[in-house]
Amino acid sequence: MAYRILLILSLLLIEAHPASSEPVDPVSPPDSLKLFQLNPEVEASLVSNEPNILDPVALAFDEWGRLYVVENIGYPSGPPEGDPPAGRIARLEDKDGDGYYESRVTFADGFTFPNGILPWEGGVIVTCAPEVLYLKDTDGDGRADIRQIWLTGFSKGGSTQLRVSHPTLGLDGWIYLTNGLSGGEVTSPKHPDRKPVETKRNDFRFNPETFEVEIIPGQAQFGQTFDDYGRRFVCSNRKPAEHVVLDFESLSRNPYFPVTQAVQNLYGTGDPVRLFPISDNITTAISHAQTFTAACGLQIYRGAALPLDFYGNQFVCDPTGNLVHRAVREPDGASFSAERPKEKVEFLASTDNWFRPVNLANGPDGALYLCDMYRKTIEHPTYLPEAIRAITDFETGKDMGRIYRFKGKSTEIDAHIPPQFPADMKTADLVELLDNPNSWWREAAQRLLIERKAEAPLELLRKKMTHGEIPQGRVLALWLLEGFDSLSEKEILAGLSDSEPGVRENSVKLAGRHLQEGSDNLKRSVLAHSEDPDLRVRFQTALTLGEFDSPGKFDALSQIAEKGIDDSWTRTAVLCSVGDNAGELLAEALEWRDRTGEGYRDFLKSICIILANQESLESIRDRVSVLTETAAPEDAEWEEAALVGLIESLQKKSEARGQKDLL
């Protein structure tokens, strides 16, 4: 019955859809550009288009100015039976310097559904489930003659759009992957003796030097990005941006405190995010109309070619709505919220129903780059009723595709993108690039320095860490030194006293790796950040304090909790790190001057959950007696919260033991 209702509604939606005044057939790239409704401060230009590229889903520039494009031609169902896989990696060059990439070679082919790319050691890392591969051209003919499987075992079942993707280099030198809500048991052929790592639908990261692999919090579908200070953001169809706030190490630190959430939806947990398309797009459910149904390609813009107030904004595609959405990130406790900069208007919307934006990237010129698959239909057959699936054209447009560049109208950029890294560029020059205003240059320099680890310029990195012009460069220098096993206490202390909160936050994080052998001065400096003026630094301090024991640890955690009591992530960080001091923390919290508000009540309840899981039944009875006997009438709200925490957890413990009515 439910299926029949869905089918009828789908047919009604299609039949009731008004006739469009815009062309229903594909239009040329220049004509499609004319159909863009774009932010008035911004202009768009073509970078490449069919027949030079087809079905682009990801792009990346290498240090020689070459543009690699992933062509997912087989999407959504693959080639006809008997035909070879159609996916390819194209390598483009702009040889005449006019900004249009006219020269193309097929770097590699024979892929099923390739979807992600990252330059690495003169070649590229490519994701194509079940594998993560490394490709390199060593003889200069433009085609990859090295094709190595670095990781394998990622799931390729289910939808072809829910697979491992988005290889992205993190501040820590590990490569982060989204897993498309898929499973898998991942191994590296380079280390066949290691046990498989089960992904459990989580995202993933691996060390490109040692091929260690780890699951990480987050369940992204097709989108991943970092901000300047290493904070990771992901997206899924209905959730355009989530911040991964906690790692598994922190989540598992306190076995008595059950934490089930590691990410924050930047748009809140209420109604779906409203969109404002200008096309005659059709969604598969009436209730989803004018909301995100295929959020993908999340990117935090960190260049200098768009207007200044665009820096740090997040952009995300919705191909079913033929648009790109922009939002401003605002601090929200230890995490962020997202706000539309202008009501009822998207950064980019088109009346061209074939315009299918799917991915974004920061470019070396500071511009924002966009992959447009340009398809008649972008929906995967899996999500359509069988009757609708049978009459839907999934093939038309597989011979098309466009890439666009966006910059401010008043911004002058060199059309030849980018100036090439000299073949003989010294590592000292790479260190200087850590201060470049465009994130692409900073991250390319970081990558090349990691690749040249044997000749790492340690003294120059130390100088950059303490005297770098911009905080983003100082943070990169800090992490590079750590990756080279050369980060000293001196640099950590310098970072802890940095004027930029993001540098202090990362310094506190790295300090946790050095506290066991660190000096008393380092421990005191970390403890002092319990009073840092920035909430996010205090949040990280709480997490770091969970890694060591110190006489001042409890007082510092108590301070952090009291100052950040209204932030759920701060409360969680403190409780993850409190260890055996939950009873003392409860006593301390009962003496705070302000004992009101939802945050305070939730904190008391959570402490009591820990105590109920941690202590004996006799101790719990004593605590219940103390709470009920000492609370004043005006304390009824927090008293109730504390008792509920104790009783709920105690009841679960009792049921687990087959006992009842222990209170």
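Residues in region 510-524 that are among the basic types (Lys, Arg) and buried (at least 24 other Cβ atoms within 10 Å of the Cβ): 0 in all.
Listed residues Glu505, Glu584; which is under 24 Å from the mean Cα position of the chain (by Cα) and among the acidic types (Asp, Glu)?
Working: Glu584 fails: under 24 Å from the mean Cα position of the chain (by Cα).
When all the criteria are applied, what remains is Glu505.
Considering region 566-603, and only residues there that are outside any loop (DSSP other than H, G, I, E, B) and of a type in the set (A, V, I, L, M), the residue that is farthest from Ala542 (Cα to Cα) turns out to be Ala587.
Pairing each residue of region 591-606 that is touching a residue at least 60 places away in the same chain (Cβ under 8 Å) with any residue that is part of a helix (DSSP H, G or I) and among the hydrophobic types (A, V, I, L, M, F, W, C), provided the two are 6+ apart or on different chains, yields C-beta distances under 9 Å for Ser606/Leu575.
Give the number of residues within region 231-274 that are basic (Lys, Arg) and in a strand (DSSP E or B). It would help to see each step written out before you state the result.
Quick first cut of region 231-274, residues basic (Lys, Arg) only: 231-232, 238-239, 253, 274.
Keeping just the survivors that are in a strand (DSSP E or B) gives 232, 239, 274.
Residues that pass the stated criteria total 3.
Taking every residue in region 233-250 that is over 22 Å from Arg326 (Cα atoms) and assigned by TED's automatic domain parsing to the domain that holds Phe222 and pairing it with any residue that is among the aromatic types (Phe, Trp, Tyr) and at pLDDT 95 or above, at least 6 positions away or on another chain, the pairs with Cβ-Cβ distances below 9 Å are Leu246/Trp569.
Of all the residues in region 503-535, those that are under 29 Å from Glu469 (Cβ atoms), among the small types (Gly, Ala, Ser) and either in contact with a Pro (Cβ under 8 Å, 6 or more places away or on another chain) or part of a helix (DSSP H, G or I) (or both) number 4.
Are any residues in region 184-210 surrounded by fewer than 16 Cβ atoms within 10 Å (Cβ to Cβ) and touching a Ser or Thr at 6+ places or on another chain (Cβ under 9 Å), and if so, which ones? Show your work before the answer.
Looking only at region 184-210, we keep the residues that are surrounded by fewer than 16 Cβ atoms within 10 Å (Cβ to Cβ), and these are 185, 189-196, 198, 200-201, 207, 209-210.
Within region 184-210, Glu185, Pro189, His191, Arg194, Lys195, Pro196, Arg201 qualify.
State whether one or more residues within region 74-87 are of a type outside the set (Lys, Arg), under 23 Å from Ala305 (Cα atoms) and in contact with a Phe, Trp or Tyr (Cβ under 8 Å, 6 or more places away or on another chain). Taking every residue of region 74-87 in turn, none turns out to be of a type outside the set (Lys, Arg), under 23 Å from Ala305 (Cα atoms) and in contact with a Phe, Trp or Tyr (Cβ under 8 Å, 6 or more places away or on another chain).
Quick check: anything in region 76-84 under 26 Å from the mean Cα position of the chain (by Cα), surrounded by fewer than 21 Cβ atoms within 10 Å (Cβ to Cβ) and at negative phi? Spell out how you get there, then give the answer.
Step one: filter region 76-84 for residues under 26 Å from the mean Cα position of the chain (by Cα), giving 76.
Among the residues that remain, those that are also surrounded by fewer than 21 Cβ atoms within 10 Å (Cβ to Cβ) are: 76.
Okay, now just the ones that are also at negative phi, so 76.
Yes, there is a match, as at least one residue in region 76-84 is under 26 Å from the mean Cα position of the chain (by Cα), surrounded by fewer than 21 Cβ atoms within 10 Å (Cβ to Cβ) and at negative phi.
Conditions tested, residue by residue: (1) acidic (Asp, Glu); (2) touching a residue at least 40 places away in the same chain (Cβ under 8 Å); (3) touching a helix residue (DSSP H, G or I) at 6+ places or on another chain (Cβ under 6 Å).
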{"residue": "Ser488", "(1), (2), (3)": "no, no, no"}
{"residue": "Lys563", "(1), (2), (3)": "no, no, no"}
{"residue": "Val574", "(1), (2), (3)": "no, no, yes"}
{"residue": "Val578", "(1), (2), (3)": "no, yes, yes"}
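Counting the residues of region 231-285 that are on the phi > 0 side of the Ramachandran plot and either touching a Leu at 6+ places or on another chain (Cβ under 9 Å) or at pLDDT below 90 (or both) gives 0.
Note on region 529-539: among residues that are touching a helix residue (DSSP H, G or I) at 6+ places or on another chain (Cβ under 6 Å) and in contact (Cβ under 8 Å) with a residue 60 or more places away in the chain, the one that is surrounded by the fewest Cβ atoms within 10 Å (Cβ to Cβ) is Arg536. Exactly one residue out of Ser606, Ser558, Ser550 is in a helix (DSSP H, G or I), of a type in the set (Ser, Thr, Tyr) and over 25 Å from His243 (Cβ atoms): that is Ser558.
Here Glu459 meets the list (1) under 21 Å from Glu209 (Cα atoms); (2) modelled with pLDDT of 95 or more almost entirely, failing just condition (1).
Scanning region 489-505 for residues that are crowded, with 21+ Cβ neighbours inside 10 Å and over 19 Å from Ala542 (Cα atoms) yields one hit, Glu491. Counting only strands (runs of 3 or more DSSP E) that sit completely within region 109-176, those holding 2 or more residues that are aromatic (Phe, Trp, Tyr) and assigned by TED's automatic domain parsing to the domain that holds Asn72 correspond to 146-154. Considering region 451-482, the residues that are more than 23 Å from Glu500 (Cβ to Cβ) and among the hydrophobic types (A, V, I, L, M, F, W, C) include one that is surrounded by the fewest Cβ atoms within 10 Å (Cβ to Cβ), namely Ala454.
Every condition in (1) under 22 Å from Arg452 (Cα atoms); (2) buried (at least 18 other Cβ atoms within 10 Å of the Cβ) holds for Val70 except the one numbered (1).
The values are calculated or read from the model by the stated rules, or taken from the named source; none is laboratory data. Since the model is a prediction, treat every value here as computed from it, not as a measurement. Note that we place each Cβ from the backbone using ideal geometry, even for glycine, and neighbour counts take in every protein chain shown.
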